[in-house]
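Beneath this line is the structure, given in structure tokens, with notes to follow.
The values are calculated or read from the model by the stated rules, or taken from the named source; none is laboratory data. All figures in this text were calculated on a predicted structure; none of them were measured in a lab. Here the Cβ is made from the backbone with ideal geometry for all residues, glycine too, and neighbour counts use every protein chain on show. When the accessible area is computed, the model is the full protein with side chains, heavy atoms only, and any ligands, DNA or RNA have been set aside. Shrake-Rupley method; radii C 1.70, N 1.55, O 1.52, S 1.80 Å.
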Amino acid sequence: MGKPIQFEQLQEELYHEKMDNGLNVYVLPKKGFNKTYATFTTKYGSIDNEFVPLGQEEMKKVPDGIAHFLEHKLFEKEDGDVFQQFGKQGASSNAFTSFTRTAYLFSSTSDAEKNLETLIDFVQEPYFTEKSVEKEKGIIGQEINMYDDNPDWRLYFGLIENMYEKHPVKIDIAGTVESISHITKDLLYECYHTFYHPSNMLLFVTGPVDPERVLKQVRENQKKKTFEEPQTIKRPELSEKAEVDKKDEKLPMNVQSSKCLVGIKAKETGLSGEELLKKELTANLVLDVLFGKSSSHFQTMYSNGLIDDTFSYDYTEEETFGFAMIGGDTDQPEELAKQTKEILFKAREEGVDQERLNTAIKKRIGAFLRSVNSPEYIANQFTRYAFNDMNLFDVVPVLEQITKQDADALLQQFADEKQMTVFTVVPKKEDK
Amino acid sequence: MSFFQEKQTKLNGITVHTVKTDKYKTNTLVLKMMAPLKKENVTKRAILPFILQRATERFRTTGELRNHLDELYGASLFADLSKKGENQIITFRMEVANEKFLSEKTPLLEEAISLLSDILLRPLLKGSAFDDGIVKEEIRTLKQRIQAAYDDKMRYSNLRLVQEMCKNEPYALHVNGEKDQADDLTAENVYEYYQQVLKEDKLDLYLIGDFKEAAAGEMVKKYFDFSANTHAYPETEQASKQHVEEKEVIEEEDVKQGKLNIGYRTNCLYNDDSYFALQVFNGIFGGFSHSKLFINVREKASLAYYAASRVESHKGLLMVMSGIEVGNYDQAVSIIKEQMAAMKNGDFTDDDLNQTKGVIRNQLLETIDTSYGLSEILYQNVAANSERTFDELLDGISHVTKEEVVESASKIELDTIYFLKGKGAQNNG
């Protein structure tokens with residue numbers, strides 16, 4: 001075991017080891033905490049619906065929603081459900097699928113070692129049968145229906161669909177009732193073997209643990225198993241035009257008030273490492289300066305009744321896609337969209353205010369300290385960052401380097417009508 | 001071994017609770033204000049925290065106030081409302097970086113205490129009323145907040161169940177107030193109510209983090225310098241338990257998925273001895289993914305993505321919730337009823353019992369890993385007027401026997417079945 005990476009200002013130490021089979025393991029001891037929290041994540045998400053299966057030559061398209069379906073099915077074993085196993089060991093377990101990742105996790109306040117063994121083993125021992133695959137279609141069908149009725153989810157995906165023409169990020173993570181009907185056990189195994197190779201995965205453990213013992217345990221666990229030689233996963237080139245696909249869409253739903261989001265599609269993607277980290281942070285700072293609660297724009301829009309306390313904004317970027325979202329509940333969606341765009345255009349001309357940028361940086365540093373109180377946040381974000389060759393613990397030093405020039409340059413890319421789109425959920429008129 | 005130490009002091013009518021711990025990178029302040037849920041006050045009370053956090057004597061616009069928070073390394077400030085039994089509780093929560101992790105040594109904790117006291121005691125006034133413009137804006141936001149509950153069908157069906165089940169009880173009131181009362185709010189009448197709040201509310205302030213307790217105490221004393229209130233509490237207006245008669249309410253909305261919510265009376269409150277057994281009951285019945293509801297409704301019958309239950313500790317309710325196909329209503333209801341009957345018959349194993357106790361213990365220990373969770377657990381005592389320590393809580397759970405679980409099950413009565421029936425999927429997509 002090597003020396004830990006020290007984060008002196010934060011008073012944290014991070015231990016890292018790459019196992020012989022390529023698995024990256026990180027341990028962050030958290031003294032004083034009761035909870036041990038571990039995530040075991042594969043770099044495989046809903047956007048990976050086309051790839052060359054392990055040991056084959058040809059690109060293959062799989063049904064939408066299969067990564068998420070696989071996440072559900074991995075919990076089922078020949079002798080029952082892993083949920084139950086964790087429960088018996090006093091732990092709670094869960095999993096989630098995003099555009100780019102599938103994560104399995106447990107948290108417990110006792111028997112951390114046993115639970116860690118269960119976590120690693122269940123993810124590395126798939127067991128799918130036709131019968132259980134069929135049964136799962138009913139459950140996931142209900143999950144899909146639940147999200148279909150959720151206006152905020154429809155708003156979020158509606159906006160992404162507006163932005164992208166071909167990129168699979170526009171496909172709902174769970175797929176559709178129709179698409180999942182084509183999932184079979186063989187397809188699940190094919191996806192599993194391609195993406196769940198240890199070299200495509202990351203294990204993060206945090207809590208009141210002894211890092212040396214954790215690493216030893218994982219080493220011994222992995223030695224007992226055999227895996228094929230790691231291979232680079234072949235994915236298609238995700239070509240996508242720079243500008244948004246659709247400018248403006250409305251979806252009538254059973255809601256009382258409208259919900260409106262303005263989206264900005266990232267013009268150039270393909271970044272990784274510190275460059276990506278800096279861009280993502282800069283974009284969020286710019287949004288904070290322009291739309292944060294202390295901004296004059298927020299105050300004016302609030303006073304004019306254009307927005308309420310659901311108004312928010314966020315920027316996120318991954319290797320092949322990136323977007324900003326700004327908006328919330330409103331009675332005047334057109335006016336909100338118009339003013340939001342104008343604020344961006346004006347900022348592009350005038351640049352950001354230096355003093356407000358400095359305050360936004362300070363605010364973000366405080367927010368970072370708040371979030372590292374949370375083991376969940378550390379594990380999930382660290383993994384996301386690592387899959388993009390970024391380091392979570394670089395956030396503060398990178399924030400401190402961001403200048404007005406960076407912010408203004410970003411606005412030049414951002415505040416471009418061609419990159420912007422609007423999606424609105426509107427109350428349905430009585431259909432009698 | 002104790003997990004933490006809570007120290008309590010009385011100060012000008014506020015109870016100050018401090019927990020010193022070096023677990024966090026931040027210090028947390030939580031101010032809780034409790035008063036009985038009353039129809040005539042519910043909406044005034046719902047708007048009050050949102051008016052208070054808009055501006056103060058010192059920070060006369062919301063922009064200035066929010067900018068000050070940003071300058072304090074992004075100190076966070078949130079207001080929200082909740083119900084505990086027949087009480088309506090306002091919570092202000094602030095979290096501020098501990099300066100020991102910053103290169104610049106600003107006295108952030110003192111600034112935070114000072115700001116929180118300003119918000120409570122020194123709001124922006126125009127004459128002897130709140131600022132009229134702010135009140136008008138907050139009325140609009142309040143109405144939207146009330147409306148938003150109708151847009152999330154999961155929340156909506158739960159709300160409807162409570163309204164149907166607790167008709168004629170204060171608990172039926174919505175925590176965010178009533179929309180038809182919102183237009184009657186004025187800068188004057190809310191201010192008048194605010195003065196009553198300062199005199200009568202039960203006030204509790206939690207300070208959690210790594211700070212010098214004596215110094216923090218002095219700061220609270222210095223900034224919360226108002227005359228002692230005479231809070232009318234505890235009023236112990238006990239939930240009147242009427243004769244329970246099973247009823248079924250079915251409503252139709254344009255949704256794909258039907259929402260099934262079932263309410264039971266537990267006849268057990270937080271400070272009852274049988275509370276521990278009720279918690280274990282709920283864990284075996286529907287609280288977790290190893291519970292009967294999850295296994296039988298979701299895993300075996302494949303009817304739902306979620307099927308769970310939770311306990312309203314201070315009101316004595318047990319609520320079941322699930323999302324199902326409309327056509328599966330009868331089947332889902334009968335499976336849920338069967339699981340309740342099984343619980344009453346003691347149809348569960350020692351393994352189920354022990355596993356559930358383990359998971360509840362886990363959950364409690366995890367809750368106190370966050371400063372907010374810790375303050376919520378500590379506040380349970382205040383809300384229930386009890387003095388149960390955290391160790392007693394853990395201990396209580398661990399000693400529950402199978403007989404006690406069956407005993408607590410026997411007291412549970414089905415009150416209302418609420419079904420929000422979807423119109424089906426034909427008009428969607």
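Normalised Debye scattering of chain A at q = 0.14 Å⁻¹ gives log10 I(q)/I(0) of -1.42, counting only Cα atoms as equal scatterers and leaving out solvent. The calculated 222 nm mean residue ellipticity attributable to helices in chain B amounts to -12500 deg cm²/dmol, summing -39500 (n - 2.57) over DSSP H runs of n ≥ 4 and dividing by all residues. Think of a 1.4 Å ball rolled over the protein heavy atoms: the range B:6-223 then has 36 Å² of accessible area per residue. Largest GNM mean-square fluctuation across A:GLN124, A:GLN405, A:GLN11, computed for chain A with C-alpha springs under 10 Å, falls on A:GLN11.
Before anything else, pin down the relative contact order of chain A: Cα pairs under 8 Å, at least 6 apart, normalised by residue count, whole percent.
The normalised contact order for chain A reaches 21 percent.
Taken per residue, the accessible surface of the range B:247-422 reaches 35 Å², heavy atoms only and a 1.4 Å probe. Running Debye on the range A:55-108 with equal point scatterers at the Cα sites and no solvent, what base-10 log of I(q)/I(0) appears at q = 0.12, 0.14, 0.17, 0.25 Å⁻¹? Computed log10 I(q)/I(0) values: -0.38, -0.50, -0.66, -1.01.
Its residue count N fixes a reference of 2.2 N^0.38 Å for the protein assembly as shown, and the Cα radius of gyration divided by that reference is 0.94.
Annotation: amide H of A:VAL422 within the under-5 Å range of A:ASP248, A:GLU249, A:GLY263, sequence separation 5 or more or interchain, hydrogens built in the peptide plane. When a 1.4 Å probe is rolled over the protein heavy atoms, the share of accessible surface on chain B that falls to carbon and sulfur comes to 47 percent.
Take the Cβ-Cβ distance between A:THR316 and B:ASP132 as r, set R0 to 51 Å, and report the resulting FRET efficiency rounded to the nearest 0.05.
0.80
If one computes P(r) from the Cα atoms of the range A:236-289, what percent of pairs lie at distances over 19 Å? Cα-Cα pairs of the range A:236-289 separated by over 19 Å account for 54 percent. Rounded to whole numbers, the Karplus 3J(HN,Hα) couplings from phi for the range A:127-132 are 8, 10, 10, 4, 5, 6 Hz, using 6.51 cos²θ - 1.76 cosθ + 1.60 with θ = phi - 60°, and x at Gly and Pro. For the range A:115-175, the pair-distance distribution built from all alpha carbon pairs, in bins 5 Å wide starting at 0, is 4, 14, 15, 14, 15, 15, 15, 7, 1 percent. Accessible area ranking (1.4 Å probe, heavy atoms, ligands and nucleic acids excluded), largest first, for B:VAL406, B:VAL135: B:VAL406, B:VAL135.
The HN-Hα couplings worked out from phi for the range A:372-381 by the Karplus form 6.51 cos²θ - 1.76 cosθ + 1.60 (θ = phi - 60°) are 6, 5, 9, x, 4, 4, 4, 5, 5, 5 Hz, whole numbers, x standing for Gly and Pro.
Under 5 Å from the amide H of A:MET201 lie the amide H atoms of A:ASN24, each residue being 5 or more positions distant or on a separate chain, with H modelled from the backbone and absent for Pro and chain starts.
Computed with a 1.4 Å probe on the full set of protein chains, the accessible area for A:TYR147 sits at about 70 Å². Rounded to the nearest whole Hz, the Karplus-based 3J(HN,Hα) values (6.51 cos²θ - 1.76 cosθ + 1.60, θ = phi - 60°) of the range A:324-331 follow the sequence 9, 9, 9, x, x, 6, 7, 8, with x at glycine and proline.
A viscosity of 1.002 mPa s and a temperature of 20 °C, combined with the Kirkwood radius over C-alpha pairs in the Stokes-Einstein formula, give chain B a diffusion coefficient of 91 µm²/s.
Regarding the range B:247-422, what's the average projected area of the Cα-atom convex hull, expressed in nm²?
With the hull built on Cα positions only, its mean projection is 10.3 nm².
The residues of the range B:352-398 listed by number as losing at least 20 Å² of accessible area in the complex, against the isolated chain and with a 1.4 Å probe, are B:GLN355, B:VAL359, B:ASN362, B:LEU365, B:GLU366, B:ASP369.
What is the interface area between chains A and B, defined as buried accessible area summed over both chains with a 1.4 Å probe, reported in Å² to the nearest 100? Show your work: numbers first, answer last.
On the way: alone 20440 and 19470 Å², together 34180 Å².
For chain A against chain B, roughly 5700 Å² becomes buried.
For the range B:247-422, what relative contact order do you get, as a whole percent, if you take Cα pairs closer than 8 Å and at least 6 residues apart? RCO, the range B:247-422: 43 percent. The residues B:HIS243, A:HIS193, B:HIS290, sorted by heavy-atom accessible surface at 1.4 Å with ligands and nucleic acids left out, run B:HIS243, A:HIS193, B:HIS290 from largest to smallest. Could you name every residue in the range A:363-378 that has 40 Å² or more less accessible surface in the full protein assembly than in its own chain alone (probe 1.4 Å, ligands and nucleic acids excluded)? Residues of the range A:363-378 that lose at least 40 Å² of accessible area once the other chains are added: A:LYS363, A:LEU369, A:ARG370, A:ASN373. Comparing A:ASN24, A:PRO208, A:THR118 along the charge dipole axis of the protein assembly as shown, the residue lying farthest to the positive side is A:PRO208, per the Cβ-charge model. Here's the picture: charge each Lys and Arg Cβ at +1 and each Asp and Glu Cβ at -1 in chain B, and of B:ASN189, B:HIS17, B:SER274 the one pushed furthest to the positive end of that dipole is B:ASN189. Among the trypsin sites (Lys or Arg not before Pro) found in the range A:1-55, those both in a DSSP coil and sparsely packed, with 11 or fewer other Cβ atoms within 10 Å of their Cβ, are A:LYS31. Under a Gaussian network description of chain A, with springs only between Cα atoms under 10 Å, the residue in A:ALA347, A:ALA112, A:ALA174 that fluctuates furthest is A:ALA347. With all protein chains in place and ligands, DNA and RNA left out, the 1.4 Å accessible area ranks B:LYS84, B:LYS423 as B:LYS423, B:LYS84, largest first.
Within the range B:359-426, the percentage of alpha carbon pairs spaced more than 17 angstrom apart rounds to 64%. Accessible surface of B:THR21, taken over heavy atoms with a 1.4 Å probe and every protein chain present, rounds to 30 Å². Measuring only protein heavy atoms, the 1.4 Å probe finds B:LYS25 accessible over about 10 Å².
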